1. What number goes with the only condition from (1) buried (at least 16 other Cβ atoms within 10 Å of the Cβ); (2) in contact (Cβ under 8 Å) with a residue 24 or more places away in the chain; (3) farther than 24 Å from residue 147 by Cα that residue 28 does not pass?
2. When the residues of segment 43-95 are filtered to those that are β-branched (Val, Ile, Thr) and either open to solvent by less than 60 Å² (accessible area, probe 1.4 Å) or outside any strand (DSSP E or B) (or both), which remaining residue is farthest from residue 153 (Cα to Cα)?
3. Residue 34: part of a helix (DSSP H, G or I), closer than 25 Å to residue 159 by Cα, modelled with pLDDT of 90 or more and open to solvent by 90 Å² or more (accessible area, probe 1.4 Å), yes or no?
4. Scan segment 160-171 and give yes if some residue there is in a loop (DSSP other than H, G, I, E, B), more than 26 Å from residue 92 (Cβ to Cβ) and at pLDDT 95 or above, otherwise no.
5. Would you check which residues across segment 121-142 are open to solvent by 80 Å² or more (accessible area, probe 1.4 Å), charged (D, E, K, R) and touching a helix residue (DSSP H, G or I) at 6+ places or on another chain (Cβ under 9 Å) and list them?
6. Filter segment 143-181 down to the residues that are closer than 20 Å to residue 109 by Cβ and among the β-branched types (Val, Ile, Thr), then identify the one that is surrounded by the fewest Cβ atoms within 10 Å (Cβ to Cβ).
7. Please find, within segment 96-115, the residue that is nearest to the chain's Cα centre (by Cα) out of those that are more than 28 Å from residue 22 (Cα to Cα) and open to solvent by 70 Å² or more (accessible area, probe 1.4 Å).
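The values are calculated or read from the model by the stated rules, or taken from the named source; none is laboratory data. Since the structure is predicted, the reported quantities are computational estimates derived from the model, not experimental observations. Note that we place each Cβ from the backbone using ideal geometry, even for glycine, and neighbour counts take in every protein chain shown. Calculation scope for accessible area: heavy atoms of the full protein, side chains included, ligands and nucleic acids excluded. Shrake-Rupley method; radii C 1.70, N 1.55, O 1.52, S 1.80 Å.
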Amino acid sequence: MEQNRAAHIYNNDFKSVLDKYRRHCDEIRRVSKEENIKLMVGFEVDYFPYDGWEEEFKWFISQLDYDYLHTGNHFFCSKDGEQIINMTYFSQICTDESLYNEYFSQHFKILAQAVNSKLFKFLAHMDYMRRFCTTGYGINLFWEEKEAVLQALQKTDTALEVSTKGLRKTGDFYPDSLILRQAGRLGSAA
């Protein structure tokens, strides 16, 4: 049921949705021209570390007329990228709390990999998992991995999105105030 509700978001491959994304880009360009307003075409994309994903994605975006991409992962992945778990259901699916550290650590490593790919202009909601993962994740944890993400942002001149949605959901921004302060100290784009 959940997969059907989100079928417009989650796709199994790039080729099968290429026409849909082309139409999306064309429609935004058409409206921009007709209404004489500046509209930009952009997509938020989850980055996956499995072999071949980046090459497939590069081919896909080479077929589109877009202005920017941002990344913000909504999934946890195993190290090889073959096991993918939607964050919404993580605490229900992953009942072995000893695996939490592995998935949280891997999450930040994948974000650093995404930023270092230089495919994206923005990194969205860096610690979004706080919304769903009340066990095993703390804002004072995983600093080595968070630091690697922030350094990648600085090195690649990629912007860090600050989402206020976290204020409603967790009482703090995404990313949290500690990450934002460290980003400021490093001079990461925000």
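1. Unmet condition: (2).
2. 95
3. On the way: part of a helix (DSSP H, G or I): yes; closer than 25 Å to residue 159 by Cα: no; modelled with pLDDT of 90 or more: yes; open to solvent by 90 Å² or more (accessible area, probe 1.4 Å): yes.
It is false that residue 34 is part of a helix (DSSP H, G or I), closer than 25 Å to residue 159 by Cα, modelled with pLDDT of 90 or more and open to solvent by 90 Å² or more (accessible area, probe 1.4 Å).
4. First, the residues of segment 160-171 that are in a loop (DSSP other than H, G, I, E, B): 161-162, 164, 170-171.
From the residues that got through so far, the ones that are more than 26 Å from residue 92 (Cβ to Cβ) too are 161-162, 164.
Going one step further and asking which of them are at pLDDT 95 or above, we end up with none.
No, segment 160-171 contains no residue that is in a loop (DSSP other than H, G, I, E, B), more than 26 Å from residue 92 (Cβ to Cβ) and at pLDDT 95 or above.
5. 131
6. Restricting to residues being closer than 20 Å to residue 109 by Cβ and among the β-branched types (Val, Ile, Thr), the top hit is 156.
7. Pass one, segment 96-115, residues more than 28 Å from residue 22 (Cα to Cα): 96-109, 112.
Next cut, open to solvent by 70 Å² or more (accessible area, probe 1.4 Å) only: 96-98, 101-102, 109.
Numbers: 96: 25, 97: 24, 98: 24, 101: 19, 102: 18, 109: 12 Å.
Only one residue fits best here, namely 109.
Conditions tested, residue by residue: (1) under 18 Å from the mean Cα position of the chain (by Cα); (2) farther than 21 Å from residue 42 by Cα; (3) of a type in the set (A, V, I, L, M).
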| site | (1), (2), (3) |
| --- | --- |
| 92 | no, yes, no |
| 138 | no, yes, no |
| 161 | yes, no, no |
| 182 | no, yes, no |
| 186 | no, yes, yes |
